[in-house]
1. Out of Ile404, Ile438, report the one residue that is of a type outside the set (Phe, Trp, Tyr), surrounded by 13 or more Cβ atoms within 10 Å (Cβ to Cβ), out of contact with any Gly (no Cβ under 9 Å at 6 or more places or on another chain) and in contact (Cβ under 8 Å) with a residue 60 or more places away in the chain.
2. Could you please let me know if Thr256 is crowded, with 21+ Cβ neighbours inside 10 Å and among the hydroxyl-bearing types (Ser, Thr, Tyr)?
3. Please state which of the following conditions Thr201 fails to meet, knowing it meets all the rest: (1) at pLDDT 95 or above; (2) in a strand (DSSP E or B).
4. Give me a count of the residues in segment 169-198 that are farther than 18 Å from Val224 by Cβ, out of contact with any Leu (no Cβ under 9 Å at 6 or more places or on another chain) and assigned to a loop (DSSP other than H, G, I, E, B).
5. Kindly check whether there is at least one residue in segment 320-329 that is surrounded by 22 or more Cβ atoms within 10 Å (Cβ to Cβ), at negative phi, assigned to a loop (DSSP other than H, G, I, E, B) and not charged (D, E, K, R).
6. Considering segment 74-88 alone, what residues qualify as being at pLDDT 95 or above and surrounded by 16 or more Cβ atoms within 10 Å (Cβ to Cβ)?
7. Would you mind stating whether Asn369 is polar (S, T, N, Q), assigned to a loop (DSSP other than H, G, I, E, B), surrounded by 16 or more Cβ atoms within 10 Å (Cβ to Cβ) and touching a residue at least 24 places away in the same chain (Cβ under 8 Å)?
8. Suppose we filter Pro381, Pro446 for residues that are closer than 29 Å to Asn321 by Cβ, free of Cβ contacts under 8 Å to residues at least 40 places away in the same chain, in contact with a Phe, Trp or Tyr (Cβ under 7 Å, 6 or more places away or on another chain) and not polar (S, T, N, Q); which single one remains?
Amino acid sequence: MPSIKRLILVGAVVSIVIFTFSIVNTSLLNEKNPNNKLFLNTSENPGINPYVKEYSLPAGTFPNGILVDKNETVWVAGSKINSLFRFDPKHEKIESYQIENDSSQDNKTGRSLMVWTMLQDNDGLIWFSQLGTDSIWRFDPNTGKFDSNHSVSAAPFQMKLDKSGNIWFTTLSGNTVGVIQKIQNSNEKYQITEFGTGNDTQPAGLFLTNNELWLTEISNQKIVKYSVTYDNGLVKNIHKILEIPADNKISLGLPTDLVVLDETIWLTEHGTSFLTKYQINSENLTRFPTSQNAYQVTTLPFWIREANNGKGIWFNEHEGNKIAFFNTVDRTLTEYEIPSRPTDGYLVYPLNIAIDQLDGNKLWFSEWNTDKIGMVNGEIPLPFEIHPDINKIVLSNNLKQQSINIKVSKNSLAPYDNNIVFLNASSSMLPTAGFENIDVKFSVNPVDLSKTHQVQLLLRNDYAPPGNYTLGISAYDGKVTKTVFLDLEISH
C-alpha cells in the first residue's frame, strides 16, 4: 500500500491533518461557450463513444459535486467559478446561480471552494458544502435563493439522507460525523449535531442501515459501525459497536466509500485499484481489480453508488480514465472510457458521480480538469463477450504453469461494429492490479473477432507469494472494457 495517504483533488497541494491530497496542475480547455449553453461532445465527434455523453460547462468551472434530483435534473457545482449549475438533459439547457447570500464572504475570497457532496432533501432543497469552509449551503430551486449555516466544525465531505429525512454527514478534516434534523414548530428550522470519531480518524464514506451508521476512516484504515439512539424522534447519540479489521489479519488501502448489503460490505480502496468485498460473518476479504492502468499506476476507485437493488455498483476511477460498473451477481466489471482528455495531460479526473434516481443504469459524473460533465448509459449492449472455461486456477512450486481457454465472441446487438479487441489480465496481488512473480501471456492478442474466437491465457509461477487472490481477464476495444474474474490460488 502507498505510504503517502492521498486523494486526487487536482490544482494545488492541500494537507489535512496527516492526509495528503495529491494534486496535478492542469490548464483548462479553451472552449468558447456562446450564450452559456451546453453542447453535446459526441455531436461534434460522432461515434466517439456511444456509451458516454459529455457536456461542456463554462471554461474555468472546475466541476466536482454533482447530483441528479427526483426530476432527473442534473445539478453540478463549480470550484473556481463558485456557481451552482442546473442542467436539463432532455433539452440540453443550463442555468447558473452564483453561490452567495447577504452574509456570505466565501465567494469573495477568490479561493477554490471544492464541493465534494450534494443531496436533495425530502422538501426538494439542495444541500452542499465547500471544502475549506465551515459552512453548509442550502438552495431552494423554486426561489433560486441560497442560505448557509456556519455551525459545523468543518465542511461535510459526504452526505446521506436517512429514511426519516435526516441528513447525515462526515467531516474529513474535523474528525466528526454529524446529523442535520428539521425541527418542527421552532424558530430554528434545523438542528445540527456532531459526534467525534476520534483524533486523526478522517471519516469519509457514509452508509445508513436502519438505526445503524457505517463509516470509512481513512487515517485508521478501518470500517466502523455505530448504533444510533433517539430521544423524542431526534438523534441523541451514537455508539461504536464494530470495527473492521479488529485485528491484523487483514489491512485496507485507504477505504474511502462503502455500501452495506445484508452481511456484505462493498468498499473502494482508494490507495489501490480495487473494489473490495468483505463478508462480515466469515471475515472473508475478496478484492476485484480494475483493468490495469496504461501508465502502470493505481486507478484509485473512489465513490460508490448502489444500483438495481444491490445487483450493481457504480464507482469512479480517479486515475483510470474510466467510470466502472460491477455486477454483483455474475462478478463482471464493465469500465467505460471517458472520451475527453485535458489539453496538457493524459488523465481526466472524474472526481464525483451521481446515479439517476429513476434509472440505475445511468450514471452522471463530473470531469474536474476538462470543465465537463458526462453520463454513462449502462443499458447499451457491449460489442463483445468474454468467457473463460474455468472459474479457478491453482499454481504451486510443483505446478508452476497453468492455462485458461477463453472464448471471445462478437455481439451483433452493439451500437457499432468493431472486430478488433485487445486482451489484458489483472490481479489483486499488487495495488496497481499487476502480478507479482507471475508471467502472463495470451496466445493471440489482439483478437480479430471475424476470424479468431478461442484464445489461451498462459500463467507461469516464478515463486509468487502464496495466498488467495483474484485474477481478472479483460477485453478492450477503446470504448469499453469488460472483465471477468477467476479465483487464483498460489500454494507452496
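1. On inspection, the qualifying residue turns out to be Ile404.
2. Yes: the conditions hold for Thr256.
3. Against the list (1) at pLDDT 95 or above; (2) in a strand (DSSP E or B), Thr201 comes up short only on (2).
4. 6
5. Yes, segment 320-329 contains a residue that is surrounded by 22 or more Cβ atoms within 10 Å (Cβ to Cβ), at negative phi, assigned to a loop (DSSP other than H, G, I, E, B) and not charged (D, E, K, R).
6. Val74, Trp75, Val76, Ala77, Leu84, Phe85, Arg86, Phe87, listed by residue number.
7. yes
8. It is Pro446.
The values are calculated or read from the model by the stated rules, or taken from the named source; none is laboratory data. For clarity, every value in this text was computed on a predicted model and none was experimentally measured. Positions of Cβ are backbone-derived with ideal geometry, glycine not excepted, and every protein chain shown enters the neighbour counts.
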